[in-house]
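What follows is a short report on a single structure.
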Amino acid sequence: MNITGNTIFVPGATSGIGLALAVRLRAAGNTVIIGGRRAQLLAELKQQHGFGTVVIDTTDPASVLRARDEVLEQYPDLDVLIAMAGIMKAENVLGPDFLADATSIVDTNVNGPLRLIAAFVDHLRTRPRAALVTVSSGLAHVPLALTPTYNGSKAFVHLFTESIRLQLAGTPVQVIEIVPPAVRTELLPGGSDVEHFMPLDEFADEVMALLESEPDAHEILVRTVSFLRRAEVEGRYPAAVEALNAH
C-alpha cells in the first residue's frame, strides 16, 4: 500500500486508533472519509480535520449498504477500505450477562468487518491499485482471561484476513492486517490511563512508518506486539499467557 494519493474509507474512526490513523493518513496526502453512528460528532471531526463523513452502524446491514452507496457516489475513486469495527467488554462466562455481551461483541467485531468487506470488495477489485485493511489484536494470539469473546473475535479476524488474502491473490487488492498491542484508548474504560499500554500517538506513528517502509507487507506489527504475535511459534506461549494475565 502506498502511503499517499489514496481515497480511504475508515468506518469506526470517531475516536481511538481509527481517528489517530485517519488524521495521519489525511496529513500524508490522502482523501479520507470517516464513518460513525453520531452525526454531530462526525460534523465536528469534519470541521476539525477536513474529513469526508458518512453515518454508518456496522451492526446494521442496511446502514452498511446505505453508507457504501453514499461513499461510492461521492468518492468513486475509493481504493482503500480500513474495516475497523470493534468493541471490547470484560466478561464472565458464569455471569448472567455473558451471552448478551458475547453476542454484541461478535456482531460488531466479526459481522461488522464481514459486512464492510462484502459491501466494498467488488468495487475495490475494479481499481487499478487497492487495499483492504483489517484490524486484529495481539489478543488473537495470546488470550486475556478478562475478555474471552474479544480474543476470539480478533482470532477470527486474523485467520479470515489470511484466508481472503489467498482468495484475492492475482487481483489488484492488497490485503493488510494491522495487529495492535494494548494501546492507550478507551476501548475498555480507563484504558487510556494504563501506563504499560502503548501510547496512542506512538502506536499510530509507528503504523504509518511501517506502512511507508513496508508497502508490500501482509501484517503491520509494531514492536511491542511481537511478544504476543510470535509467542507460540517461538515456544513462549505458556509464559506469555502467564505474563499477560499477571497484569
Query raised in the report: Would you pick out the residues in the stretch 141-173 that are of a type in the set (A, V, I, L, M, F, W, C), part of a helix (DSSP H, G or I) and surrounded by fewer than 23 Cβ atoms within 10 Å (Cβ to Cβ)?
Result: 155, 156, 159, 160, 164, 166
Query raised in the report: In the stretch 174-205, what residues are surrounded by 16 or more Cβ atoms within 10 Å (Cβ to Cβ), touching a Gly at 6+ places or on another chain (Cβ under 8 Å) and assigned to a loop (DSSP other than H, G, I, E, B)?
Result: 180, 181, 182, 184, 185, 187, 197
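Residue-wise test of (1) assigned to a helix (DSSP H, G or I); (2) touching a residue at least 40 places away in the same chain (Cβ under 8 Å); (3) touching a Ser or Thr at 6+ places or on another chain (Cβ under 9 Å); (4) surrounded by 18 or more Cβ atoms within 10 Å (Cβ to Cβ).
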position: 215; (1), (2), (3), (4): no, yes, no, no
position: 220; (1), (2), (3), (4): no, yes, no, yes
position: 226; (1), (2), (3), (4): yes, no, no, no
position: 232; (1), (2), (3), (4): no, yes, no, no
Query raised in the report: What residue, among those in the stretch 91-114 that are of a type in the set (A, V, I, L, M) and over 9 Å from residue 150 (Cα atoms), is surrounded by the most Cβ atoms within 10 Å (Cβ to Cβ)?
Result: 110
Query raised in the report: residue 93 passes all but one of (1) farther than 19 Å from residue 189 by Cα; (2) in contact (Cβ under 8 Å) with a residue 40 or more places away in the chain; (3) assigned to a helix (DSSP H, G or I); which number fails?
Result: (3)
Requested in this report: Return the residue satisfying two criteria in turn: it lies in the stretch 124-138 and is part of a strand (DSSP E or B) and among the small types (Gly, Ala, Ser), and of such residues it is nearest to the chain's Cα centre (by Cα).
Outcome: 131
Report summary line: Log entry, pairs with first residue in the stretch 115-134 being under 13 Å from residue 174 (Cα atoms), second being in a loop (DSSP other than H, G, I, E, B) and modelled with pLDDT under 95, beta carbons closer than 8 Å, six or more apart or on different chains, reads 129/2; 131/1; 133/1
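For (1) free of Cβ contacts under 8 Å to residues at least 24 places away in the same chain; (2) more than 14 Å from residue 23 (Cβ to Cβ); (3) assigned to a strand (DSSP E or B), each residue gets a yes or a no:
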site	(1), (2), (3)
40	yes, yes, no
45	no, no, no
63	yes, yes, no
68	no, yes, no
78	no, yes, no
85	no, yes, no
89	no, yes, no
**Report entry** Yes/no for residue 236 being under 17 Å from residue 141 (Cβ atoms), surrounded by 17 or more Cβ atoms within 10 Å (Cβ to Cβ) and of a type in the set (Lys, Arg)
**Finding:** no
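The values are calculated or read from the model by the stated rules, or taken from the named source; none is laboratory data. Just so you know, these numbers come straight off a predicted model, no measurement behind them. Quick reminder, even Gly has a Cβ in these numbers, built from the backbone with ideal geometry, and neighbours come from all protein chains shown.
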